[in-house]
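Written out below as structure tokens is the structure these notes cover.
The values are calculated or read from the model by the stated rules, or taken from the named source; none is laboratory data. Small disclaimer: the values here were computed from a predicted structure and weren't measured. Cβ atoms come from the backbone with ideal geometry, glycine included; neighbour counts cover every protein chain shown.
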Amino acid sequence: MSAIDLVDDGRMETRLLEQFVAVADEGTVTRAAERLWAAQSTVSAGIASLERSFGVRLFDRTGRQLVLTTAGEDLLPHARAVLQSLDRIRDLATATDAELRGRVRLGIFTSMDVVDLIGVLRTFRERHPLVAVELMTSPSGTTGLVQDLTSGRLDLAYCGLPVVPAGITVEPLREMPFRAFVATDHPLAGRTSVSLAELADEPFIDTAHGFGNRVILDQALERLGIRRRIVAEMNDMPAVVRFATAGLGVGVVPETGVSHDGVAIDLEDEVDPLRVGLAMRTTPSPNRATQALAQDIVAARR
């Protein structure tokens, strides 16, 4: 534990804890400042002030990244708990739904419409103008979103994993079956159905590791003893469809309804559909603003 000069004035502002948690989550002062709508100098000064209050270093710099020290790792869950308790106090003090206030952080997919989210958010903002909704994504897809939800970086998240960690509940939103996507001039384009074994020697285009559809398909292929060659990995399923139907490989992903110029073929093998739901932590109990947005999203499911 790296000590620094202790300056304890007996007070600690909530905003300093918010800055500490934001920097821990984001890894840089720049991203933390953007998240908090604050100047970088303000966040840097806040972290320095907090370190002086505790008398220890909270972060080490590794290149451009700020990494928690042992002391920072020990203090982070307590800082989160304090902020959650304050949120709960504000929540209990709210008299009516019209007075709901605070922040809800929602993890979403980048290019796939699960529900009419724009419509949901527009109506939600009209009913709850004092609630700020922040939309976030993850480069590792649904796995990353669920990890962020579990750690407290998110309040709600889309989830397409077949299994979720303990303490997470998922409300179903949409179910999408897998299909094979190929170009119109592909030798299999005239087929109405195809097996995964017939596609085994084809170059595959797929999403990156961590995406729910990738997890499901990899499990199905392993169960069938099929190995494949992936030539391109995308950060969303519509991109897989577009590249596959352009003739750059085959794509086996859920049918999202995205427009394309190729051919979609039914699968002969049993592959579980992608079941997308809205995930939420059960502990601590979500505040009323989070519950209200969750109810609106679920009500908009197809």
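At least 2 residues that are surrounded by fewer than 20 Cβ atoms within 10 Å (Cβ to Cβ) and β-branched (Val, Ile, Thr) in each: list the strands (runs of 3 or more DSSP E) lying fully within the range 226-302 that qualify.
Here the list reads 229-234.
Identify the residue in the range 137-169 that is in a loop (DSSP other than H, G, I, E, B) and of a type in the set (Val, Ile, Thr) and, among all such residues, is nearest to Asp25 (Cα to Cα). Full working, then the answer.
The first filter runs over the range 137-169 and keeps only residues in a loop (DSSP other than H, G, I, E, B), leaving 137-140, 152-155, 160-167.
Keeping just the survivors that are of a type in the set (Val, Ile, Thr) gives 137, 163-164.
Working: Thr137: 13, Val163: 24, Val164: 21 Å.
Of everything passing the filter in the range 137-169, Thr137 is nearest to Asp25 (Cα to Cα).
What's the number of the condition Pro172 fails, among (1) assigned to a helix (DSSP H, G or I); (2) out of contact with any Pro (no Cβ under 8 Å at 6 or more places or on another chain)?
(1)
Can you find a residue in the range 213-220 that is modelled with pLDDT of 95 or more and in a loop (DSSP other than H, G, I, E, B)?
No, every residue in the range 213-220 fails to be modelled with pLDDT of 95 or more and in a loop (DSSP other than H, G, I, E, B).
Working carefully through the options Ala239, Ala264, Ala220, Ala246, find the one that is touching a strand residue (DSSP E or B) at 6+ places or on another chain (Cβ under 7 Å) and of a type in the set (A, V, I, L, M).
Ala264
Which is in contact (Cβ under 8 Å) with a residue 40 or more places away in the chain and touching a Lys or Arg at 6+ places or on another chain (Cβ under 8 Å), of Val253, Val241, Val271?
Answer to the check: Val253.
Would you mind telling me which numbered condition in (1) under 14 Å from Val252 (Cβ atoms); (2) in a loop (DSSP other than H, G, I, E, B) Gly190 fails?
Condition not satisfied by Gly190: (1).
Scan the range 181-193 for residues that are surrounded by fewer than 21 Cβ atoms within 10 Å (Cβ to Cβ) and in contact with a strand residue (DSSP E or B) (Cβ under 9 Å, 6 or more places away or on another chain) and jot them down.
Ala183, Thr184, His186, Leu188, Ala189, Gly190, Arg191, Thr192, Ser193
Say we look at the range 166-180 and pick out the residues that are in contact (Cβ under 8 Å) with a residue 24 or more places away in the chain and among the small types (Gly, Ala, Ser); which of these is surrounded by the most Cβ atoms within 10 Å (Cβ to Cβ)?
Result: Ala180.
Among (1) farther than 29 Å from Ile230 by Cβ; (2) of a type outside the set (Gly, Ala, Ser); (3) part of a strand (DSSP E or B), which single condition is Pro129 missing?
(3)
Looking only at the range 106-158, which residues are in contact with a His (Cβ under 9 Å, 6 or more places away or on another chain) and polar (S, T, N, Q)?
Of everything in the range 106-158, those that are in contact with a His (Cβ under 9 Å, 6 or more places away or on another chain) and polar (S, T, N, Q) turn out to be Ser140, Thr143.
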